[in-house]
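Enquirer: Dumping the structure here so I can ask a few things about it.
The values are calculated or read from the model by the stated rules, or taken from the named source; none is laboratory data. Small disclaimer: the values here were computed from a predicted structure and weren't measured. For neighbour counting, all protein chains shown are included, and Cβ atoms are generated from backbone atoms with ideal geometry for every residue, glycine included. Surface areas here come from the heavy atoms of the whole protein model, side chains and all, with no ligands, DNA or RNA. Shrake-Rupley method; radii C 1.70, N 1.55, O 1.52, S 1.80 Å.
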Amino acid sequence: MANKLSKINLNDYKPLREVIFNSLREAIIIGELRPGERLMEVQLAEKMGVSRTPVREAIRKLELEGLVNMIPRKGAHVAELSVKDIMDVLEVRASLDGLATALAAERITDDEMKELRFINGQFTTYIEKENINSSIKKDAEFHDIIYKASRNDKLIAILNNLREQVQRFRVIYIKDYSSPKNLIKEHNDIFDAMETRNTEAARGLAKTHIINQEATILNSLKLQKK
């Protein structure tokens with residue numbers, strides 16, 4: 001997994017505080033900064049090669065996004081992934097993914113199917129090679145193609161709003177999935193249902209895919225607390 005907290009490129013055209021904010025945000029989303037981990041301004045500033053002020057500003061902004069919690073007398077910590085948060089988000093996503101996949105099975109173009117086949121092949125390769133970072137990227141691309149193919153802009157906007165929360169879960173899901181072969185099969189089954197334009201099968205398979213994701217994540221969190 002790429003390290004997002006290396007030295008900041010001071011020649012970046014974006015404001016420094018924004019570059020630091022995006023770096024910390026992505027480090028939280030991909031799991032480099034883990035839930036419950038304390039964010040020490042001095043250490044982060046030294047690691048990123050910047051002053052403490054933009055780091056402090058970035059942490060405050062992350063707090064507003066719900067990715068960081070400020071604990072009295074203990075400072076800033078990466079927000080925990082509560083069981084309720086996970087269940088709430090994935091409950092919504094299961095229904096929305098089911099709808100998006102059913103619509104996409106009906107509306108997807110031949111060119112989009114070719115792209116979906118290609119991305120799914122890459123996903124399979126990375127899973128088999130245990131390349132977690134690339135697997136996560138291709139998993140997101142696979143679902144993004146399906147969302148786009150639904151041709152429902154309102155639905156796509158809602159799913160995009162869930163993207164960052166889901167991305168935090170996706171890291172745990174792919175890393176800790178009990179059987180990579182099953183994960184590959186789930187993607188292949190969704191692809192096959194879409195290729196045959198079987199809308200109801202596509203809906204059910206997409207929902208099951210998310211339900212299995214929820215079970216994997218909750219089990220992983222339980223094991224971490226033991």
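Enquirer: Points 7 angstrom from Cα along the Cβ direction at Arg107 and Glu164: gap in nanometres?
Expert: About 2.7 nm separates the two model spin labels.
Enquirer: Leaving ligands, DNA and RNA out of it, report the carbon-plus-sulfur percent of the accessible area of segment 83-225 at a 1.4 Å probe.
Expert: Of the solvent-accessible surface of segment 83-225, carbon and sulfur hold 51 percent.
Enquirer: Which entries of Lys154/Lys185; Lys84/Lys129; Lys14/Lys129; Lys137/Lys207; Lys61/Lys148; Lys14/Lys137 have Cα-Cα distances beyond 27 Å here?
Expert: In this structure, Lys154/Lys185; Lys84/Lys129; Lys14/Lys129; Lys61/Lys148 exceed 27 Å between Cα atoms.
Enquirer: I need the calculated FRET efficiency for the pair Ile211 and Ile71, taking r as the beta carbon distance and R₀ as 35 Å, to the nearest 0.05.
Expert: FRET efficiency, Ile211 to Ile71: 0.60.
Enquirer: Quote the FRET efficiency, to the nearest 0.05, computed for Thr196 versus Arg38 with a Förster distance R0 of 45 Å and r equal to the Cβ-Cβ distance. Could the numbers behind the result be given before it?
Expert: Values: r = 51 Å, r/R0 = 1.13.
Here the calculated transfer efficiency is 0.30.
Enquirer: A follow-up question, please. Accessible area per residue for the chain in Å², computed with a 1.4 Å probe and the full protein assembly in place, what is it?
Expert: 55
Enquirer: Classify the chain as rounded, prolate or oblate, taking a ≥ b ≥ c as the square roots of the eigenvalues of its Cα gyration tensor: rounded when a/c is under 1.5, otherwise prolate if a/b is larger than b/c and oblate if not.
Expert: Verdict is prolate for the chain.
Enquirer: So how much slack lies between Met87 and Leu155, counting 0.36 nm per residue of separation and subtracting their Cα-Cα distance, in nm?
Expert: 22.5 nm is the gain from fully extending Met87 to Leu155.
Enquirer: Would you tally the net charge around Thr208, using a Cβ to Cβ cut-off of less than 15 Å, leaving Thr208 out, and scoring K and R as +1, D and E as -1? Provide the component values of the computation, followed by the final result.
Expert: On the way: positive: Arg93, Lys185, Arg203, Lys207; negative: Glu91, Asp97, Glu186, Asp189, Asp192, Glu200, Glu214.
After counting each charged neighbour, the total is -3.
Enquirer: On to the next question. Restricting to DSSP H runs of at least four residues, report the calculated mean residue ellipticity at 222 nm for the chain, -39500 (n - 2.57) per run over all residues, nearest 500 deg cm²/dmol.
Expert: -24000 deg cm²/dmol
Enquirer: With a ≥ b ≥ c the root eigenvalues of the C-alpha gyration tensor of segment 90-184, is it rounded (a/c under 1.5), prolate (a/b larger than b/c) or oblate?
Expert: oblate
Enquirer: Now for a separate question. Projected onto the charge dipole of the chain (+1 at Lys/Arg Cβ, -1 at Asp/Glu Cβ, origin at the Cα centre), which of Ala76, Leu221, Val166 gives the Cα projection farthest towards the positive end?
Expert: Projecting each Cα onto the dipole axis, the largest value belongs to Ala76.
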